[in-house]
Amino acid sequence: MSYIPGKPASYWIDSTAKIDDLPSGNVLSVDVAIVGGGLIGITAATLLKRAGKRVAVIEAESIGMGTSGHTTAKITSLHQLIYADLIDKIGEEKARLYAESNEAAIAWIAKMVEEEGIDCDFSRQSAYTFAESEKDLSNVEKEVNAALKLGLPACLVQETSLPFPIAGAVKFDNQAQFHIRKYLLHLAKNIPGDGSYILEGARVEEIEEGEPCTVKSNKGTVQATDVIVATHLPILNEGLFFAKSYPKRSYIVGARIPADRAPQGMFIGAEDKNYYSIRTTPYEGDLLLLVGGEGHKVGEKTDTEECYLNLEAYARDRFGVDSFEYRWSTQDMVSFDRLPYVGKLTPLNHHIYVATGMSLWGMSKGTMAGMLLSDLILGKENPWAELYDSLRATPFLSGTSIKENAGVATHMIGDRLKGLMSSISDVEMGEGKLVTVDGDKVAAYRDETGELHAVSAVCSHLGCIVNWNSAEKSWDCPCHGARFDCDGQILHGPAVKPLESLKGQS
Ligand code: FES
């Protein structure tokens, strides 16, 4: 049988329609403008509107189609292995706040699903971090002890419903999973009205603090007392969040699996690298097995097709599936201390708030961030505010961050030397290549019809040189994760401008 790859789309997005009948604009003034219609933005908007605020969610594309729409959508406080490390680095009291805030976020999602009757395939599940080798087992055991100390619902198990043997796993009971976009669309539909709005297709290019603040997009200007920037990595550079975290890309494949062969629960490997994330979701009367992994820093891997092939090989080998329905990729900002940044943009900003650095566990932390931002704007005390304070002294200059940012510096300088020996005529059909034309770095892609797509290779964010991503046919920036299609249009921030178009190449 010939090989057919899965459809290149997120199942969450492919199985849901856009919201219709959204008002087209003319929003002049609200209490809170929220830039970014993902889980953080929609959670904050829901809470703020319920508290009587007039909100405007301003989304560059459509609700839940960015990072939120490309997740595995596990809702859990078991973040692979984190609690032993947190206790070690920030102490038991702060680690307990981390645990409590994530459990509170799970409870809030469950409450919303129940209260609103949200049809989003929500189900309670156990979450597992499993060790296949004795080497990783000791880390799993440490995690169980740390989690129990913090009051989390943890235990050590030797067996799971995975169809292969394990050395042991930490299991958290009463966690959950859902269909993220069904959930977000339901909440989003309740936002417009009574002076509140959702604006889609409005790419924000400028935000100015003031009384009121001004948010300028390609669809017009919104004035607001407060602004939340929930654009994954903030599109505003002043807070230097691009230097306090790094972008990590990962991949997911989806295969139909009969219920009697499907694992029950949500799983992730305990390995430091090369681990796999596993869950199922209801799919056309059957189940869809989702396997994620193959993570790497954005822009560091050109042969991204290999990532999908490796995941498919793992799914075939471990679960006996043979055909694949979906494949998609995602990325997240990883903070150096593993804690999200939630709060003010800079110490000088009184009305602009941010949330970023969810470090691959965005369902619980993103919800928590939306809850916390809402409290900050409403002037309510919140016990998690200090832990996640975006202005906290961060390990900006720790060994890890120096290493990661040294990588960025290398890209900023070294990338400029790439491609010097190539010319446009070297670019073959289906190939993306960096070439030099009249001294300019050019990102050139020749499509399957032979047409050349040439854009500037200089990232419009802060000037790094983009790299080709063969599976997604995109130009990805290795510095802070911006991504562009072959014509330079933005696929992913923090860039707010496309790559410069270069006409007349052939
Ligand atoms: Fe910052 Fe490209 S994303 S320079």
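The values are calculated or read from the model by the stated rules, or taken from the named source; none is laboratory data. Because the structure is a prediction, the values reported are computed rather than measured. We place every Cβ from the backbone using ideal geometry, glycine too, and count neighbours over all the protein chains shown.
Yes or no, residue by residue, for (1) closer than 26 Å to E300 by Cβ; (2) modelled with pLDDT under 95; (3) in a loop (DSSP other than H, G, I, E, B):
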residue	(1), (2), (3)
T346	no, no, yes
Y353	no, no, no
S364	no, no, no
G370	no, no, no
N382	no, no, yes
F396	yes, yes, yes
T410	yes, yes, no
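Filter region 214-261 down to residues that are among the acidic types (D, E) and crowded, with 18+ Cβ neighbours inside 10 Å, then give me how many there are. Don't jump to the end; show me each part of the working.
Taking region 214-261 first, the residues among the acidic types (D, E) are 226, 238, 260.
Right, trim to crowded, with 18+ Cβ neighbours inside 10 Å and you get 226.
Residues flagged as among the acidic types (D, E) and crowded, with 18+ Cβ neighbours inside 10 Å within region 214-261 amount to 1.
Quick one: count up the residues across region 423-469 that are more than 16 Å from the ligand (Cβ to nearest atom), touching a residue at least 40 places away in the same chain (Cβ under 8 Å) and buried (at least 21 other Cβ atoms within 10 Å of the Cβ). Even if it seems obvious, please write down each step before you answer.
Within region 423-469, the first condition is being more than 16 Å from the ligand (Cβ to nearest atom), and the residues that meet it are 423-433, 435-440, 442, 444-454.
Now narrow it down to the ones that are touching a residue at least 40 places away in the same chain (Cβ under 8 Å): 424, 432, 437, 440, 442, 444-445, 452, 454.
Those still in the list that are buried (at least 21 other Cβ atoms within 10 Å of the Cβ) too: 432, 442, 444-445, 454.
So the answer is 5.
Which one of these does L152 not meet: (1) farther than 28 Å from S10 by Cβ; (2) surrounded by fewer than 17 Cβ atoms within 10 Å (Cβ to Cβ); (3) out of contact with any Asp or Glu (no Cβ under 7 Å at 6 or more places or on another chain)?
Result: L152 fails condition (2) only.
For region 213-268, name all the residues that are out of contact with any Ser or Thr (no Cβ under 7 Å at 6 or more places or on another chain), within 16 Å of the ligand (Cβ to nearest atom) and within 24 Å of G379 (Cα to Cα).
V229, T231, L236
D426 is checked against (1) at pLDDT 50 or above; (2) closer than 30 Å to L240 by Cβ; (3) not hydroxyl-bearing (S, T, Y) and fails just one. What number does that condition carry?
So D426 meets the others, but not (2).
How many of the residues making up region 210-243 are assigned to a loop (DSSP other than H, G, I, E, B), among the hydrophobic types (A, V, I, L, M, F, W, C) and farther than 20 Å from Y341 by Cβ? Give the steps one after another, and end with the answer.
At the first step, the residues of region 210-243 found to be assigned to a loop (DSSP other than H, G, I, E, B) are 210-212, 218-219, 230-240.
Restricting the remaining residues to those that are among the hydrophobic types (A, V, I, L, M, F, W, C) gives 230, 233, 235-236, 240.
Still in the running and farther than 20 Å from Y341 by Cβ: none.
Of the residues in that region, 0 qualify.
Given the criteria polar (S, T, N, Q) and either without any contact (Cβ under 8 Å) to a residue 24 or more places away in the chain or over 26 Å from E100 (Cβ atoms) (or both), does Q158 qualify? Give the derivation first.
On the way: polar (S, T, N, Q): yes; either without any contact (Cβ under 8 Å) to a residue 24 or more places away in the chain or over 26 Å from E100 (Cβ atoms) (or both): yes.
In short, yes.
Which one of the conditions (1) at pLDDT 95 or above; (2) within 25 Å of Y314 (Cα to Cα) does E206 fail to meet, given that it meets all the rest?
(2)
Go through the residues of region 168-180 one by one and say whether even a single one is modelled with pLDDT of 95 or more, of a type in the set (A, V, I, L, M) and out of contact with any helix residue (DSSP H, G or I) (no Cβ under 8 Å at 6 or more places or on another chain). Before the answer, list the steps.
Taking region 168-180 and keeping what is modelled with pLDDT of 95 or more, we get 168-180.
With the extra rule that they be of a type in the set (A, V, I, L, M), the set shrinks to 169-170, 176, 180.
Then keep just the ones that are out of contact with any helix residue (DSSP H, G or I) (no Cβ under 8 Å at 6 or more places or on another chain); that gives none.
Among the residues of region 168-180, not one is modelled with pLDDT of 95 or more, of a type in the set (A, V, I, L, M) and out of contact with any helix residue (DSSP H, G or I) (no Cβ under 8 Å at 6 or more places or on another chain), which makes the answer no.
Within region 269-305, how many residues turn out to be buried (at least 21 other Cβ atoms within 10 Å of the Cβ) and within 16 Å of the ligand (Cβ to nearest atom)?
Qualifying residue count for the region: 2.
Show me the strands (runs of 3 or more DSSP E) entirely contained within region 431-506 in which 3 or more residues are touching a helix residue (DSSP H, G or I) at 6+ places or on another chain (Cβ under 7 Å). Even if it seems obvious, please write down each step before you answer.
Values: elements: 432-437, 440-446, 452-456, 467-469, 474-476, 483-485, 490-492.
In region 431-506, 432-437 are the strands (runs of 3 or more DSSP E) which contain 3 or more residues that are touching a helix residue (DSSP H, G or I) at 6+ places or on another chain (Cβ under 7 Å).
Go through region 1-117 and tell me which helices (runs of 4 or more DSSP H), entirely inside it, have 1 or more residues that are closer than 17 Å to P340 by Cα.
Values: elements: 11-14, 39-50, 83-90, 92-116.
Per the criteria, 39-50, 83-90, 92-116.
Test A482 against the criterion of being within 9 Å of the ligand (Cβ to nearest atom), closer than 18 Å to T330 by Cβ and of a type in the set (A, V, I, L, M), and give yes or no.
Values: within 9 Å of the ligand (Cβ to nearest atom): yes; closer than 18 Å to T330 by Cβ: yes; of a type in the set (A, V, I, L, M): yes.
Considered against the rule, which asks whether it is within 9 Å of the ligand (Cβ to nearest atom), closer than 18 Å to T330 by Cβ and of a type in the set (A, V, I, L, M), A482 comes out as yes.
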